[in-house]
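The values are calculated or read from the model by the stated rules, or taken from the named source; none is laboratory data. Since the model is a prediction, treat every value here as computed from it, not as a measurement. Methodologically, a virtual Cβ is constructed for each residue, glycine included, from the backbone with ideal geometry; neighbour enumeration extends over all protein chains shown.
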Ligand SMILES: [Zn+2]
Ligand SMILES: [Zn+2]
């Protein structure tokens, strides 16, 4: 897997600057804050030869050494402190929903990096992207917390995913085969399921929703609430669905419920 790039660090860094009282941070403040926010893993944590520093820290340091923020006009270094610029503030506001989506859905490190790259690339290409939001699907009742447009988009994906995965008038948990319909009875359980995003799902604004949904369907999976919670149990390390299935089959006392 590839290492995080400086460009992928821009948006989360601007976000952290915006949270600081002075809208500015030193590199030594930025490194642990970014680490906390993004929870890097794998090769990015490799220690540099002969130095008491890992590759992730080095990338953050390079933001300054390579004038990365300045090149985009997003932020400026003054006496060792990087300050959010107006252009950076606008860029952050435009992409806040996407950043939030990546951060709250506990994606794997590689998917998170890729997502940050997609956002970055879309702004360079001046092609706007939109997100679907998994948390909306879980908390469907809490409509007012999210932007209406994201809500509509995400519930459309949810509806299509449910239709796609419904077989013989029932939809089963992909991991344990639990059926809300059977367990609780039709009246209470029919049609209930949670939709897990395996990878972040983005849509270019100028693309048809229907076209994107085909791709989106490949990245979602229906899960019962227990399996979904197990997958997100450790937010720093969400499980792969296949790993959970293996665990159920090999280590679970009960066999799969099919
Ligand atoms: Zn399940
Ligand atoms: Zn999920």
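Structure values in brief
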{"read-out": "Test: residue in the stretch 72-85 that is in contact with a helix residue (DSSP H, G or I) (Cβ under 7 Å, 6 or more places away or on another chain) and within 16 Å of ligand 1 (Cβ to nearest atom)", "value": "no"}
{"read-out": "Long-range neighbours under 7 Å by Cβ, at least six apart or interchain, first residue within 12 Å of residue 147 (Cα to Cα) within the stretch 95-107, second at pLDDT below 90 and surrounded by fewer than 20 Cβ atoms within 10 Å (Cβ to Cβ)", "value": "97/147; 97/150"}
{"read-out": "Segments classed as helices (runs of 4 or more DSSP H), wholly inside the stretch 1-106, with at least 3 members that are over 28 Å from residue 135 (Cβ atoms) and outside the structural domain of residue 236 (by TED's automatic domain parsing)", "value": "27-38, 55-65, 68-72"}
{"read-out": "Residue count for the stretch 163-192, restricted to those that are within 16 Å of ligand 2 (Cβ to nearest atom), part of a helix (DSSP H, G or I) and touching a helix residue (DSSP H, G or I) at 6+ places or on another chain (Cβ under 8 Å)", "value": "0"}
{"read-out": "Hey, residue 178 in contact (Cβ under 8 Å) with a residue 40 or more places away in the chain and outside the structural domain of residue 109 (by TED's automatic domain parsing) or not", "value": "yes"}
{"read-out": "Criterion: modelled with pLDDT under 95, within 12 Å of ligand 2 (Cβ to nearest atom) and either crowded, with 16+ Cβ neighbours inside 10 Å or assigned by TED's automatic domain parsing to the domain that holds residue 108 (or both) - qualifying residue of 195, 160", "value": "195"}
{"read-out": "Subset tally (residues that are away from ligand 2 (no atom under 11 Å from the Cβ) and touching a helix residue (DSSP H, G or I) at 6+ places or on another chain (Cβ under 9 Å)) for the stretch 226-236", "value": "0"}
{"read-out": "Residues (touching a residue at least 24 places away in the same chain (Cβ under 8 Å), outside any loop (DSSP other than H, G, I, E, B) and within 13 Å of residue 175 (Cβ to Cβ)) located in the stretch 199-229", "value": "221, 222, 223, 225, 226, 227, 228"}
{"read-out": "Matching residues in the stretch 217-237 - criterion: being buried (at least 20 other Cβ atoms within 10 Å of the Cβ) and away from ligand 1 (no atom under 14 Å from the Cβ)", "value": "220"}
